[in-house]
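Here the structure comes first, spelled out in structure tokens, and everything after it is commentary.
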Amino acid sequence: MNLKKLLGETDPHDLEQPGASGVVNISRRRFVVGSAAAGAGLMVAMQLPLGSASAVAQDGATEVNAWVLIDPDDTVTIRIARAEMGQGTLTGLAQMVAEELECDWNKVSWEFASPAESLARKRVWGSFATGGSRGIRGSHQYVREGGALARELLIAAASKEWGVPAAECSAKSSVVTHGPSGATMTYGELAATAATMSAPDSVTLKDPKDWTLIGTPAARLDTQDKVNGKLQYGADVMLPGMLHAAIHACPVHTGKRSSFDDSAAKSMPGVRAVVAVSDNAVAVVADSWWQAKTALDAVTIEWETGEDGKVTSESIKQMLEEGLGADDAFVGNEHGDAKAALAKSSNTLTADYSYPFQNHAPMEPMNTTALWTEERCEAWVPTQNGEAALEAVATAAGLFPEQCEVHRMILGGGFGRRGAHDFVGQAVEIAKQMPGTPVKLLWSREEDQRRGYYHPVTRSRMTASMDDDGKLDALHVRISGQSILAFFRPALGEPEKDPVVFQSMAPEGDHAMIYSVPNLLADHAMRNTHLRPGFWRGVNINQNVFYMESFVDELARKAGADPLDYRRDLLSESPLALAVLEEVAKKAGWGREMPEGHGLGLAVCKAFGSYVAGCAEVAVVDGKLQMKKIWAATDPGFAVNPQQIEAQVGGSFVYGLSAALYGECTVEEGRVVEENFDSYPSLKLAEMPEVEVSVMPSGGFWGGVGEPTIAVAAPAVLNAVYAATGVRIRHLPVKDQALV
């Protein structure tokens, strides 16, 4: 391993995917960690000490180092900094610590690390942010180092107890053994001494070929407590004397509160207070949430919405349509001369596609419980970024972060929505008006739908030319639509290019274009609306892969080529992408004779550092879509827990197909129309196809899992629809569109 990288003597972004093993300098190491002050993913270099803390934790457990607590009975508790929202990240992170620690997995437990304690200890746990499929790949290096360091401290403790060289001792299954004598001591017996030992200058990580826990389908650590109800979500929090709050903010995102009349609400049963929140919301505090919600409905609120209150889906469509042919565009990827090649070609194809606003719609609505006093503020938050939540609490409380604490809860769905903390600030503002009393703010489903950070709305014009053999010669991808980063990081003066817009079309990196095209131009006409865009699970790969994979399928059909063969030619320089594509085609029996009204469809991409592909079999019967089966393949480089990867891939299709078939937020009078699941439905159990997953870790890199596969769901199914019916769907969602 290059120690210059570990010592901060290079671009910090080079540290995001370090090698799988090697000797690491502990005392001077610089890590890339998420900014506590920004929820938008800003990365800064900070010192991240991993040394022993010489502390005794609660219940008699000894803290060997920041990551590892050990009880006298050999129970190992591993601290988790990243969020758990059903994806299994906490188990995967624990596996990596336990692998290097050489402990007994059957005695492993976990607890969330504290953002406030991390701040007090110079951010010892690094980034708390969980998004962008980076929970594992963004922290695998230093969490493994944490396990390795704890192992070395335990070996050093045994060496001291026995008076023998540490080199003669080894650790396995929570036991340290002295080789020459055969003497043994358990981790529980050694923990107290280990906590007093000085940290070594370096630790050696295991070679991947020697892993015994990483790469296995180890049982999840949180399942049992979810089943028996012991595990608490944010919505479950109950504190002595707690009151409940319901809130209504202006449904036009840029609107403000003009006035409100609470005379009817104040006298309703259980109501304790009606309070103004910021300049755009009103909340009711009551003895129960239903009392608060009922009283809130009786409050008359006047809004100031300005010109944004006149915006409609049609006006947004017109704006995006204009962008498709506009001269102003940011170039995200360009080589050759696509425009010249297109201008001189006599064999071209142009197709327009679109992707709507979509809400995250997690089953657990936004919520926070807050307790404020003049000296301290605590909050119980289901958050994707504990540090950003702590900053939001401190800001709203008017206190220093050192005076605050965020108790992190399991998330009932996140998908990117809980990386923004507007609901946290609201809860603290309300609690500040009820000093000394805990208040739980719970959004209604309608509030969650109206006040989302929506998947950005875009349209795309794909234009290509082919040579005499039907091979792709030039491609121009024009994207017209929102920029997430322009919202979260508004530029001073002219807007700056947003690289996130070009996910799956980038010239290199985690979201690189996988197809070899002689002349390529991908550009973006930035057209922002007043509705807040956000990082919606998969983000821009969802629309970009839908556009690209649908259009490649159209090109293959125009060339009279088999869609698989056509992609094979384009993937000549992307062997890992080709491998996952070949896998799903083989598993699906590509090329087999299909019954009438049945079809197979393909899609493949690189996203979040991983290579993924899908092949869907569908039938269209009496104009109704039946999704029979989907074969999926993913190569994430290293696979920490294959069973969890299979589950995440399957879940990706649930989420991705729900979006493709039904997900659409429309706009009237500047506000979202769909306010509940009656008008914003998700995939039903009977509609879900069987999913067969191939996990194909090729090693050598750390790719993401939670988001990449979502992108291939829509194009694989819709390419299959075309194969079955000859009907091409270019605009999502599919609902209400004729399939025959």
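With a probe of 1.4 Å, find how much accessible area segment 513-573 has per residue, and write the answer as a whole number in Å².
25 Å²
GluC sites (Glu not before Pro) within segment 322-380: which are DSSP loop residues with at most 13 other Cβ atoms inside 10 Å? Don't skip to the end; give the middle numbers.
On the way: sites: E322, E334, E374, E375, E378; in loops: E374, E375.
When the GluC sites (Glu not before Pro) of segment 322-380 are filtered for loop state and at most 13 Cβ neighbours within 10 Å, E374, E375 remain.
Between their Cα atoms, which of K206/K629; K107/K160; K339/K629 are more than 29 Å away from each other? Mind showing how you got there, number by number?
Details: K206/K629 39 Å; K107/K160 25 Å; K339/K629 40 Å.
Pairs exceeding 29 Å: K206/K629; K339/K629.
Can you tell me the relative contact order of segment 276-419? Whole percent, Cα pairs under 8 Å, sequence separation 6 or more.
Computed value for segment 276-419: 16 percent relative contact order.
Roughly what % of DSSP beta bridges within the chain run antiparallel, to the nearest 5?
That works out to approximately 75 percent antiparallel.
Not counting the cut sites, what is the longest span of the chain without trypsin sites (Lys or Arg not before Pro) that DSSP labels loop and that have at most 10 other Cβ atoms within 10 Å?
For trypsin sites (Lys or Arg not before Pro) (loop position, at most 10 other Cβ atoms within 10 Å), the longest site-free span of the chain is 231-591.
How much accessible area per residue does segment 214-317 have, in Å², with a 1.4 Å probe?
Result: 49 Å² per residue.
Filter the chymotrypsin sites (Phe, Trp or Tyr not before Pro) in segment 631-680 to those in DSSP coil with at most 16 other Cβ atoms within 10 Å of their Cβ, and list the result.
F677
Among the aspartates and glutamates, which have Cα under 15 Å from the Cα of K628 when same-chain residues fewer than 8 positions away are ignored?
List returned: E596, E617, E687, E690, E692.
So with the 1.4 Å probe, I'd like the accessible area per residue for segment 350-480, rounded to whole Å².
Dividing the accessible area of segment 350-480 by its residue count gives 27 Å².
If the cut-off is a Cα-Cα distance under 19 Å, which aspartates and glutamates reach K344, setting aside same-chain residues fewer than 8 apart in sequence?
Straight-distance partners of K344: E334, D467, D468, D469, D473.
Could you sort out which of K497/K606; K558/K587; K558/K586; K293/K432; K497/K587 sit more than 29 Å apart by Cα distance in this structure?
Over 29 Å Cα-Cα: K497/K587.
Report, in deg cm²/dmol and to the nearest 500, the calculated mean residue ellipticity at 222 nm for the chain, where each DSSP H run with n ≥ 4 adds -39500 (n - 2.57) and the sum is divided by the residue count.
Rounded to the nearest 500, it is -8000 deg cm²/dmol.
Cut-off under 19 Å on the C-alpha distance; same-chain residues fewer than 8 positions from K209 excluded. Which aspartates and glutamates are left, in chain and number order?
E99, E100, E102, E145, D635
Using DSSP to call loops (not H, G, I, E or B), can you name the GluC sites (Glu not before Pro) in segment 537-625 whose Cβ has at most 13 other Cβ atoms within 10 angstrom?
Listed in order of number, the matching sites are E573, E593, E596.
Under a no-solvent Debye model with one identical scatterer per Cα of segment 634-740, what's log10 I(q)/I(0) at q = 0.17, 0.19, 0.20, 0.21 Å⁻¹?
So the normalised log intensities are -0.90, -1.01, -1.06, -1.11.
What percentage of the solvent-accessible surface of segment 333-482, computed with a 1.4 Å probe over protein heavy atoms, is contributed by carbon and sulfur atoms?
Working: 2250 of 4600 Å².
Of the solvent-accessible surface of segment 333-482, carbon and sulfur hold 49 percent.
Can you tell me, using C-alpha contacts under 8 Å and at least 6 residues apart, the relative contact order of segment 138-264 as a whole percent? Working shown, then result.
Details: 76 pairs, mean separation 24.5, N = 127.
Here the relative contact order equals 19 percent.
For the chain, what does the relative contact order come out to in percent, with C-alpha contacts under 8 Å and a separation of six or more?
The value is 14 percent.
Antiparallel DSSP bridges in segment 626-740: what percent, to the nearest 5?
Roughly 35 percent of the beta bridges in segment 626-740 run antiparallel, per DSSP.
From the list [x] 1.00; [y] 1.12; [z] 1.36, can you say which value of Cα Rg over 2.2 N^0.38 Å was derived from the structure given?
From the options [x] 1.00; [y] 1.12; [z] 1.36, the structure gives [x].
Quick one: if the Förster radius is 35 Å, what FRET efficiency do M238 and K684 give, using the C-beta to C-beta distance and rounding to 0.05?
0.60
For segment 597-740, what % of the accessible area comes from carbon and sulfur atoms, probe 1.4 Å?
Exposed carbon and sulfur together represent 49 percent of the surface.
Share of segment 165-205's accessible area from carbon and sulfur, percent, 1.4 Å?
The computed percentage sits at 54.
The values are calculated or read from the model by the stated rules, or taken from the named source; none is laboratory data. Owing to the predicted nature of the structure, the values given are computational and were not obtained by experimental measurement. Here the Cβ is made from the backbone with ideal geometry for all residues, glycine too, and neighbour counts use every protein chain on show. For the accessible areas, the whole protein counts, side chains as well, though only heavy atoms, and no ligand, DNA or RNA atoms are used. Shrake-Rupley method; radii C 1.70, N 1.55, O 1.52, S 1.80 Å.
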